[in-house]
Amino acid sequence: MEYFIALASDPTVWIALASLTLMEVVLGIDNLVFISIISNKLPEHQRSQARRVGIAAALVLRLALLGTIAIIVKLTDPVFEIFGNPFSWRDIILIAGGLFLVWKATTEIHHNVDPDPGPDRLNPAVAASSFMAVVVQILLLDVVFSIDSIITAVGMTDHITIMVIAVVIAVGTMFLAADPLSKFIQQNPTVVMLALGFLLLIGTTLIAEGFGAHLPKGYIYAAMAFSVLVEFLNILARKARRRRSELQQAEA
């Protein structure tokens, strides 16, 4: 009890909690975009369930990783070198996760723009197998984002309690935002392409970080925010044109 009282009375702890929570929420957006896109491939009655499974798994993974924090910290230790460039287990996981995201985003973009893309392996007509396929893909990316999230948390504070609180708040935010975000993406087809572009960018960033190129995330998220603003303006413009068209038809 004295430990928690000491934490609560320390202003630096509150600053660290606010900063870490914000960072975890931002990192969670990447995960949530992927979950929203991939879950929307399922029949409507299965989408919410798949999202709940994915987000619950993200929370369990993050808390489990916090329980093995000593092992997670060691994931940054080099295990081998290639041409003088050291690689750790974290680097390997980031590269693998980035390649998976790039592959997934590329195949989804191809399926959306190709007039004859062929059968969709996640077509609702094969819902029994597609639900498990979606859950497995979500779990794979949960591992990548969870490890990146926890290593980021370790770099920002030494208090496990703060990490746990920040992770729970971030995942809770994901849980609340999952259904509205997925519905918004589903109702605005152009947003799907924007989100797939984000996945390509995130995947490329993970690969670059795995190879030791540390890209400032502020620039990346600023670019994503600007893209969202432009798309939001496009949505407003389309709605305005639709209203004008309806008024003209009513007057005619």
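Output yes when any residue across region 69-92 is within 29 Å of GLU44 (Cα to Cα), at pLDDT 70 or above and either not small (Gly, Ala, Ser) or not in a helix (DSSP H, G or I) (or both), and no when none is. Break it down stepwise before answering.
Keep residues of region 69-92 that are within 29 Å of GLU44 (Cα to Cα), which gives none.
Taking every residue of region 69-92 in turn, none turns out to be within 29 Å of GLU44 (Cα to Cα), at pLDDT 70 or above and either not small (Gly, Ala, Ser) or not in a helix (DSSP H, G or I) (or both).
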Of the criteria (1) modelled with pLDDT of 80 or more; (2) surrounded by 17 or more Cβ atoms within 10 Å (Cβ to Cβ), which one PHE198 fails = (1)
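ILE162 - would you say it is surrounded by 19 or more Cβ atoms within 10 Å (Cβ to Cβ) and at pLDDT 75 or above? Spell out the reasoning first.
Numbers: surrounded by 19 or more Cβ atoms within 10 Å (Cβ to Cβ): yes; at pLDDT 75 or above: yes.
Here the answer is yes, as ILE162 does meet what is asked.
Please determine whether any residue of region 227-243 is of a type in the set (A, V, I, L, M) and under 25 Å from ALA58 (Cβ atoms).
Step one: list which residues in region 227-243 are of a type in the set (A, V, I, L, M), which gives 228-230, 233, 235-237, 240.
Next, from what is left, pick out any that are under 25 Å from ALA58 (Cβ atoms): 228.
Scanning region 227-243 turns up at least one residue that is of a type in the set (A, V, I, L, M) and under 25 Å from ALA58 (Cβ atoms).
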Filtered residue count, region 85-110, keeping only those that are buried (at least 16 other Cβ atoms within 10 Å of the Cβ) and either among the polar types (S, T, N, Q) or without any contact (Cβ under 8 Å) to a residue 24 or more places away in the chain (or both) | 2
Counting residues that are without any contact (Cβ under 8 Å) to a residue 60 or more places away in the chain and of a type in the set (A, V, I, L, M), which helices (runs of 4 or more DSSP H) fully inside region 137-252 reach at least 3?
-> 189-210, 217-251
Scan region 50-68 residue by residue and report those that are touching a Ser or Thr at 6+ places or on another chain (Cβ under 6 Å), of a type in the set (Lys, Arg) and modelled with pLDDT of 80 or more.
-> ARG51
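The values are calculated or read from the model by the stated rules, or taken from the named source; none is laboratory data. Note that the coordinates shown come from a computational prediction; the quantities given were computed from them, not determined experimentally. Note: ideal-geometry Cβ built from the backbone for every residue, glycine included; neighbour counts use all protein chains shown.
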